[in-house]
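Okay, structure first, notes after.
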Amino acid sequence: MIFTANKGQTSYGEAIGILLLETRTPFIQGDVGNATSYEYPVRYKKVDGLTAKRIFKHDYSFVEKMIQGAKELEREGVKAITGDCGFMAIYHKEVKESVSIPVFLSSLLQIPFIRSTLAANAEVGILTANSQSLTSEVFDRIGISNDNALIIRGLENEKNFKDAVIDEIGTLDSDGIRKEVIAAAKELITAHPKIKAFLMECSMLPPYSEALQRATGLPVYDFLTMIDYVYSAIVKKRFKDVL
């Protein structure tokens, strides 16, 4: 078999490209920003200057930098592009139009699928890094209706989460955040018993999805469920012709 080099590509086999915020928060295993979270290689690209504070304010001035990063990842050989913040939804439309490969910047893109798996009167609990910033505008940018079936709970005022993600003190108490996530979810279920699934908006929350599932018994979707799903579509498993 003969292989041909791709122009502008210096490494191979990284099917998923990930656009990163500029942050000093440690990324533990299970976080989108930790490469050991995947059973396949990924390629990262930091968007200089795009901080959590700026994206929480829906700073659209970074659209061009996001597009530039996406184009660079495409040239470097990735087959699909995601991000490490659900609020990258605000750039989704422009970025996907700028490249010729699939783009899925926000974990929120899973909402229509989740809804389609549930009864018509069921609700979806969303745990987000910042409920004040998760406005209808964010949902509109990805064509999703922010209606009463989406029950949103922010973690921006929980001490351990706030220290690590909002204030970026440089350390992360994973046990403390796990307790805050479970407590927030149980609070939602008590107030909204029709919740039949959870979606983690924040890319730093997948490490706590398993604990949340055990605590609630409900399906839990996050960034990794989305990334793994897309990877399975762009890199198909080969089966042997045997019975």
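Taken together, the values in this text are just the output of simple stated rules run on the coordinates, not laboratory data. Everything quoted here is computed from the prediction, not taken from an experiment. Methodologically, a virtual Cβ is constructed for each residue, glycine included, from the backbone with ideal geometry; neighbour enumeration extends over all protein chains shown.
Among 240, 186, the order by Cβ neighbours within 10 angstrom, fewest to most, reads 240, 186.
Taking every alpha-carbon pair under 8 Å whose residues sit at least 6 apart, segment 108-222 reaches a relative contact order of 30 percent. Enumerate the aspartates and glutamates that residue 196 could reach by cross-link, defined here as Cα to Cα under 12 Å, with residues fewer than 8 away along the same chain left out. By straight Cα distance, residue 196 reaches 123.
Applied to segment 117-126, the Karplus parametrisation 6.51 cos²θ - 1.76 cosθ + 1.60 on θ = phi - 60° returns per-residue 3J(HN,Hα) values of 8, 10, 4, 4, 8, 6, 10, 10, x, 10 Hz, with x for Gly and Pro. For segment 180-243, relative contact order (Cα pairs under 8 Å, six or more residues apart, normalised by length) works out to 30 percent.
With contacts defined as alpha carbon pairs under 8 Å and 6 or more residues apart, what's the relative contact order of the chain in percent? Don't jump to the answer; show the numbers that get you there.
Details: 432 pairs, mean separation 51.0, N = 243.
Value for the chain: 21 percent.
Taking 7 Å steps out from each Cα toward its Cβ at residue 186 and residue 72 produces label points 4.5 nm apart. Near residue 236, which aspartates and glutamates are there with a Cα under 17 Å away, not counting those fewer than 8 places off in the same chain? Partners found: 14, 39, 228. Hydropathy at least -0.5 by Kyte-Doolittle, axial extent at least 24 angstrom from the Cα trace: which helices of the chain, defined as entire DSSP H runs, fit? Within the chain the helices that satisfy the rule are 174-191. When you filter the chymotrypsin sites (Phe, Trp or Tyr not before Pro) in segment 1-78 for DSSP loop state and at most 11 other Cβ atoms inside 10 Å of their Cβ, you are left with 3. Straight-line reach from residue 237: taking Cα to Cα under 19 Å and skipping same-chain neighbours fewer than 8 places apart, the lysines in range are 79.
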